[in-house]
1. If I ask for residues that are part of a loop (DSSP other than H, G, I, E, B), surrounded by fewer than 21 Cβ atoms within 10 Å (Cβ to Cβ) and modelled with pLDDT under 95, which ones from region 106-137 would you list?
2. So which residues in region 168-196 are within 18 Å of K94 (Cβ to Cβ) and more than 16 Å from the chain's Cα centre (by Cα), if there are any at all?
3. Those residues that are exposed (fewer than 12 other Cβ atoms within 10 Å of the Cβ) and outside any helix (DSSP H, G or I), I need them from region 156-176; list them, please.
4. Out of all the residues in region 187-198, which are within 14 Å of R112 (Cβ to Cβ) and surrounded by fewer than 17 Cβ atoms within 10 Å (Cβ to Cβ)?
5. Please list, ordered by first then second residue, the pairs with beta carbon atoms under 8 Å, 6 or more apart or interchain, first in region 178-201 and over 14 Å from L104 (Cβ atoms), second part of a helix (DSSP H, G or I) and not charged (D, E, K, R).
6. Name the one entry in Y143, Y212 that is modelled with pLDDT of 95 or more and open to solvent by 20 Å² or more (accessible area, probe 1.4 Å).
Amino acid sequence: MARYTGPVCRLCRREGEKLFLKGEKCNKSICPITVRTLKKRGLQPGQHADARRRQMSEYGLQLREKQKAKRIYGVLETQFRNYYEEAARIKGVKGENLLRLLELRLDNIVFRLGYGRSRSEARQVVRHNLIRVNGKKINIPSYKCKKGDVIEVKTNALDYQRFKDVLDVTSGRTVPAWLDANHDKLSGTILQIPSRDQIDIQIHETLIVELYSK
């Protein structure tokens, strides 16, 4: 499946803020994306970024919010559009439904549980057949999890040490209240479908709905 393989710091600069695409690395001093560099080098990446600065239109604001959501969760345009259409069919608020669908992706669940330092690493973990859902091997990062699902890491000596090393890095990360993590057994359970206030992503989903509603 197609995915973005270019420099991720470039994406943060384009959105004018940290998207934390490298996980805990983005919190360290070695991260090149800071408020100072964003102001100094401009929002857009490239040699002539300052020359391209202009006031953002309403459409531009909506587009940037959609691009930000896509980049945070690591999905491409067609897949993101399909998520929106599914969210529109579900009873409730479209924008909140969209974020719930993105949060319930298997790769995002693995990341939230702390078994991946970033969503891209969590996606790789799933693709490499290292994750079980309710005892069944699932290697599809976009697999939609549901309430009550038990997500487990494949257990053998080599993989166990690998994930222990990952947990040493992600130990300071807070596991969302809608998930229950058992790091001793390298597993987790989805306790409930997340509500909007339990999703800590800084996205204005109403702008995305306005964009697709045109």
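1. Here is the first cut: in region 106-137, the residues part of a loop (DSSP other than H, G, I, E, B) are 114-118, 128-130, 134-135.
Pick out the ones that are also surrounded by fewer than 21 Cβ atoms within 10 Å (Cβ to Cβ) and you get 117-118, 128-129, 134-135.
Those that are part of a loop (DSSP other than H, G, I, E, B), surrounded by fewer than 21 Cβ atoms within 10 Å (Cβ to Cβ) and modelled with pLDDT under 95: R117, S118, H128, N129, G135.
2. Scanning region 168-196 gives I193, S195.
3. N156, S171, G172, T174
4. Result: T189, L191, Q192, I193, Q198.
5. The qualifying pairs are A181/L113; H183/L167; L186/Y160; L186/F163.
6. None of the others qualify; the one that does is Y143.
The values are calculated or read from the model by the stated rules, or taken from the named source; none is laboratory data. Fair warning: this is a prediction, and the values are worked out from it, not measured in the lab. Because the Cβ atoms are built from the backbone with ideal geometry, glycine has one as well, and the counts that use them run over all protein chains shown. Quick note on the areas: whole protein, heavy atoms, side chains included, nothing else; ligands and nucleic acids left out. Shrake-Rupley method; radii C 1.70, N 1.55, O 1.52, S 1.80 Å.
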